[in-house]
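Asks: Structure incoming, see below.
The values are calculated or read from the model by the stated rules, or taken from the named source; none is laboratory data. No experiment lies behind these values; they were computed from the predicted model shown. Don't worry about glycine lacking a Cβ; one is built from the backbone with ideal geometry, like all the others, and counts go over all protein chains shown.
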Amino acid sequence: MAINTSLFKESKAFQHIQGELDRLEEDEHLRFDLSNDDHYAYWKLLFNTHNITQERYPKLHEHLDACCTHHKQGGINAISQLLNQTDDDGFVNSNAIAGLSFFEKSFNALAYSTINNGTNSTTLILQILDAQTHEVIGTTPMTDIGNGRYVQIETKAASEPRQIKAVLNYALVIDNTPYYGAVKSDKLAGAADVPKVIQPASKPEHKDKKNIMIALSRGHKAEDSDYWFHKGQWANNTIVVPFKGSVTFQSELLELIPSDTLFVDMKVVRAEGGEKKVTPHDMNQVYPWFSRSLDEQKKYTILEWNLPADGDGKTAGKAISFEKSPWVADTVTLFRCNIGVKTKNSPDAFVWAFVYSKQGKDYELNDAPGLKNIKPLVFYWHCLAKDTQIRLSDGTTKSIESIDSGDVVQINAKGDTLPVRATTLGHYKGTALRITTQKGDQITLSSCHVVITPDGPRSADEIKSGDTLITLQGNAQIKTVEAIDFDDDLINLLLGDYDQLESLDDYGTTMFANNILVGDHQIQTKYLSHQRTHPKNILANISSDWHTDFQSSLTDQNT
């Protein structure tokens, strides 16, 4: 869809809002009050110019109009509270511009919205504008209905060099309460080359994998992971990120003084929702590992950082701890780092470089001087209790904590087999489930672990007494599902090659655990993603008055 950007220039409301944004500090959010005529007209213009029309998105417009006529919107009073809302593990809601770069006569901006527990709807409109005239030179919309945990958006603008800014406009509906806001950034990447990131990175043999694999609390070393950290060093669901690399600047760097001439902002963003940053106190442990080095011209133009994993898994080396993450099956995590330095050519303003994870096969497509895209990180969690007996290819069983990479397990009643590529082991304290079948088979597992039914995979917390499971002896009804207090080790396996499963239709990476057919790590992550993103499941979980909006969002995402 071609967007008539001249409509923005002609709109007094649009120009008024840009003036309000210009008066805000970097990363300060504009909170819209849609009882204000200019604020309402601004959002009407944004929606209609991006084909988010009332006919295609009736529920979004219903909220917009209700906010105007009844002053019921949550933005003006509650948006700060929303964005500062933190879960028990310190993950906070965020709408942010991740980076802004210029390369080969094109500006590029990346932004995201991440909300703990998701939204009814997330609408993002990311724009690149001339900072002086407010001319819109690039604009992209994105609407997500029924998920909203992590929504990534990117826009481009073909242009000659000029002073620009990026603006992320966001309209969120959470528990049927709408929030309208915007945030700007003029932090343009200014380094001389693309940052070099040595860690985190996939091993050469894993270069085709879509994620960087990190195993925590591992009992046995295996070759499937890119990094692994021993159970004695970290809690089982600690986010640990190694970070080593460098970037070159065009002018001599001033002496590195934290917060004065060197500023580093490190965050992780969960696909499940929410972001967490390294605290200022913990940054005191990070800053000493940034240094200047000499280039061939004997000037301090290279900034290096050296916080790597140690490589043998026994300790984390100097890798960065973001502390605990909630215990969930989906562990896709996006790493984001903004680095600002002052140079002799820029002694009063920071020059920027950005490193961040970007989802998608083309994650490196928009690498540019000062901007490096890396793969998302995936952390292995653990799910089955110690002493669970796993059936091997020869018909014998072995306790799950004794299984190592290279063991071969039986994956179905036909006798098909797969090798074990990974084992993970960590201590878990909390509520677990104990399932007992009518045939007397019993298994203890975390609530997110997947069991296999005749109708396909289900997470353990979705099944109940009377449901049917697949077992080694055939189908068996569940007698009881008990919630129990658990304080012991949990273990999981990864079978076959990572990314082996194309879909859940064959659920082919399974194993018999105490005779009950359950999934491995791959099924867990793929099942949760399927439950959250498959159109059929979203439609089943949203009210019917959102259905038209949802179908329109699918059309827009596929064009």
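Asks: Quick one: which of Val194, Val247 is part of a loop (DSSP other than H, G, I, E, B), aliphatic (A, V, I, L, M) and over 22 Å from Ser321 (Cβ atoms)?
Replies: Details: Val247 fails: part of a loop (DSSP other than H, G, I, E, B).
The conditions single out Val194.
Asks: If you check Asp488 against the conditions, is it surrounded by fewer than 20 Cβ atoms within 10 Å (Cβ to Cβ) and either acidic (Asp, Glu) or outside any helix (DSSP H, G or I) (or both)? Outline the logic, then answer.
Replies: Working: surrounded by fewer than 20 Cβ atoms within 10 Å (Cβ to Cβ): yes; either acidic (Asp, Glu) or outside any helix (DSSP H, G or I) (or both): yes.
Spelling it out, Asp488 is indeed surrounded by fewer than 20 Cβ atoms within 10 Å (Cβ to Cβ) and either acidic (Asp, Glu) or outside any helix (DSSP H, G or I) (or both).
Asks: A further question follows. For the range 1-45, which residues satisfy the criterion of being closer than 17 Å to Thr139 by Cα, modelled with pLDDT of 90 or more and among the hydroxyl-bearing types (Ser, Thr, Tyr)?
Replies: Hits for the range 1-45 are Ser11, Tyr42.
Asks: Something else: Of all residues in the range 503-549, how many are in contact with a strand residue (DSSP E or B) (Cβ under 6 Å, 6 or more places away or on another chain) and surrounded by fewer than 19 Cβ atoms within 10 Å (Cβ to Cβ)?
Replies: Residues in the range 503-549 being in contact with a strand residue (DSSP E or B) (Cβ under 6 Å, 6 or more places away or on another chain) and surrounded by fewer than 19 Cβ atoms within 10 Å (Cβ to Cβ): 0 in total.
Yes/no per residue for (1) farther than 23 Å from Ala215 by Cα; (2) at pLDDT below 95; (3) touching a Gly at 6+ places or on another chain (Cβ under 7 Å); (4) assigned to a helix (DSSP H, G or I):
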| position | (1), (2), (3), (4) |
| --- | --- |
| Leu469 | yes, no, no, no |
| Lys479 | yes, no, no, no |
| Asp499 | no, yes, no, no |
| Asp506 | yes, yes, no, no |
| Leu517 | yes, no, no, no |
| Gln524 | no, yes, no, yes |
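Asks: Okay, moving on. Does Gly440 count as in a loop (DSSP other than H, G, I, E, B) and surrounded by fewer than 16 Cβ atoms within 10 Å (Cβ to Cβ)? If you could, list the steps in order and put the result at the bottom.
Replies: On the way: in a loop (DSSP other than H, G, I, E, B): yes; surrounded by fewer than 16 Cβ atoms within 10 Å (Cβ to Cβ): yes.
The answer is yes for Gly440.
Here is a yes/no grid of residues against (1) under 27 Å from Phe91 (Cβ atoms); (2) surrounded by fewer than 17 Cβ atoms within 10 Å (Cβ to Cβ):
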| site | (1), (2) |
| --- | --- |
| Gly313 | yes, no |
| Glu323 | yes, yes |
| Thr333 | yes, no |
| Asn338 | yes, no |
| Thr343 | no, no |
| Ala349 | no, yes |
| Trp352 | yes, no |
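Asks: Sticking with this structure for a sec: Could you grab the pairs with beta carbons closer than 7 Å, sequence gap of 6+ or different chains, first residue in the range 337-356 and within 22 Å of Asp367 (Cβ to Cβ), second one surrounded by fewer than 22 Cβ atoms within 10 Å (Cβ to Cβ) and of a type in the set (Val, Ile, Thr)?
Replies: Going by the 7 Å Cβ cut-off, the qualifying pairs are Cys337/Val264; Ile339/Val264; Val341/Thr261; Val351/Thr343; Val355/Val197.
Asks: Same structure, new question: Asn412 is checked against (1) modelled with pLDDT under 95; (2) part of a strand (DSSP E or B); (3) surrounded by 14 or more Cβ atoms within 10 Å (Cβ to Cβ); (4) not β-branched (Val, Ile, Thr) and fails just one. What number does that condition carry?
Replies: All conditions are met except number (2).
Asks: Further question on the same structure: Condition test on His427, is it buried (at least 22 other Cβ atoms within 10 Å of the Cβ), touching a strand residue (DSSP E or B) at 6+ places or on another chain (Cβ under 6 Å) and either charged (D, E, K, R) or in contact (Cβ under 8 Å) with a residue 12 or more places away in the chain (or both)? Give the steps one after another, and end with the answer.
Replies: On the way: buried (at least 22 other Cβ atoms within 10 Å of the Cβ): no; touching a strand residue (DSSP E or B) at 6+ places or on another chain (Cβ under 6 Å): yes; either charged (D, E, K, R) or in contact (Cβ under 8 Å) with a residue 12 or more places away in the chain (or both): yes.
The answer is no for His427.
Asks: Hey, does the range 363-375 have a residue that's among the small types (Gly, Ala, Ser) and on the phi < 0 side of the Ramachandran plot?
Replies: Taking the range 363-375 first, the residues among the small types (Gly, Ala, Ser) are 368, 370.
Still in the running and on the phi < 0 side of the Ramachandran plot: 368.
Checked the range 363-375: at least one residue is among the small types (Gly, Ala, Ser) and on the phi < 0 side of the Ramachandran plot.
Asks: Pairs, please: C-beta under 9 Å, at least 6 apart or cross-chain, first residue in a helix (DSSP H, G or I) and in the range 27-46, second acidic (Asp, Glu) and modelled with pLDDT of 95 or more?
Replies: Listed pairs, sorted by first residue: Asp38/Glu20.
Asks: Any chance you could count how many residues in the range 212-225 are under 21 Å from the mean Cα position of the chain (by Cα) and either modelled with pLDDT under 90 or surrounded by fewer than 21 Cβ atoms within 10 Å (Cβ to Cβ) (or both)? Please lay out each step first, then the result.
Replies: From the range 212-225, those under 21 Å from the mean Cα position of the chain (by Cα) are 212-216, 225; that's our starting set.
Imposing the further condition that a residue be either modelled with pLDDT under 90 or surrounded by fewer than 21 Cβ atoms within 10 Å (Cβ to Cβ) (or both) reduces the set to 213-216, 225.
Here the count works out to 5.
Asks: Which of the strands (runs of 3 or more DSSP E) contained wholly in the range 95-167 include at least 1 residues that are under 18 Å from Lys358 (Cα atoms) and of a type in the set (D, E, K, R)? Reasoning before the result, please.
Replies: Numbers: elements: 106-114, 121-130, 136-145, 150-158.
Qualifying strands (runs of 3 or more DSSP E): 136-145, 150-158.
Asks: To continue, here is another question. Given the conditions (1) out of contact with any Leu (no Cβ under 9 Å at 6 or more places or on another chain); (2) under 23 Å from Ala98 (Cα atoms); (3) surrounded by fewer than 18 Cβ atoms within 10 Å (Cβ to Cβ), which single one is not true for Asp295?
Replies: The failed condition is (2).
Asks: Suppose the filter is more than 16 Å from Leu495 (Cα to Cα) and modelled with pLDDT under 95; does Gly426 pass it?
Replies: Values: more than 16 Å from Leu495 (Cα to Cα): yes; modelled with pLDDT under 95: yes.
Yes: the conditions hold for Gly426.
Asks: Return only the number of the condition from (1) closer than 25 Å to His521 by Cβ; (2) out of contact with any Lys or Arg (no Cβ under 9 Å at 6 or more places or on another chain) that Ala192 does not satisfy.
Replies: It fails just one condition, (1).
Asks: Among the residues of the range 290-320, write down those that are polar (S, T, N, Q), in contact (Cβ under 8 Å) with a residue 60 or more places away in the chain and part of a strand (DSSP E or B). Write out each step before concluding.
Replies: First, pick out the residues of the range 290-320 that are polar (S, T, N, Q): 291, 293, 297, 301, 306, 315.
When the remaining residues are screened for being in contact (Cβ under 8 Å) with a residue 60 or more places away in the chain, the result is 301, 306, 315.
Those that are polar (S, T, N, Q), in contact (Cβ under 8 Å) with a residue 60 or more places away in the chain and part of a strand (DSSP E or B): Thr301, Asn306.
Asks: I need a count of the residues in the range 425-454 that are β-branched (Val, Ile, Thr) and more than 26 Å from Gly508 (Cβ to Cβ). Before the answer, list the steps.
Replies: As a first pass, look at the range 425-454 and keep what is β-branched (Val, Ile, Thr): 431, 435-437, 443-444, 450-453.
Next cut, more than 26 Å from Gly508 (Cβ to Cβ) only: 431, 436.
Result for the range 425-454: 2.
Asks: Also, quick follow-up: Right, Lys358: of a type in the set (Lys, Arg) and over 30 Å from Phe102 (Cβ atoms) or not? Walk me through it before giving the result.
Replies: Details: of a type in the set (Lys, Arg): yes; over 30 Å from Phe102 (Cβ atoms): no.
Answer is no for this residue.
Asks: Of the residues in the range 109-139, how many are polar (S, T, N, Q) and touching an Asp or Glu at 6+ places or on another chain (Cβ under 7 Å)? Show your work before the answer.
Replies: Start the filter on the range 109-139 by keeping residues that are polar (S, T, N, Q), which leaves 113-114, 116-117, 119-123, 127, 132-133, 139.
Among the residues that remain, those that are also touching an Asp or Glu at 6+ places or on another chain (Cβ under 7 Å) are: 114, 116, 121-122.
The total comes to 4.
Asks: Also, quick follow-up: With surrounded by fewer than 23 Cβ atoms within 10 Å (Cβ to Cβ) and assigned to a loop (DSSP other than H, G, I, E, B) as the only criterion, which of Ser552, Ser447 stands out? Please lay out each step first, then the result.
Replies: On the way: Ser552 fails: assigned to a loop (DSSP other than H, G, I, E, B).
That would be Ser447, the only listed residue that is surrounded by fewer than 23 Cβ atoms within 10 Å (Cβ to Cβ) and assigned to a loop (DSSP other than H, G, I, E, B).
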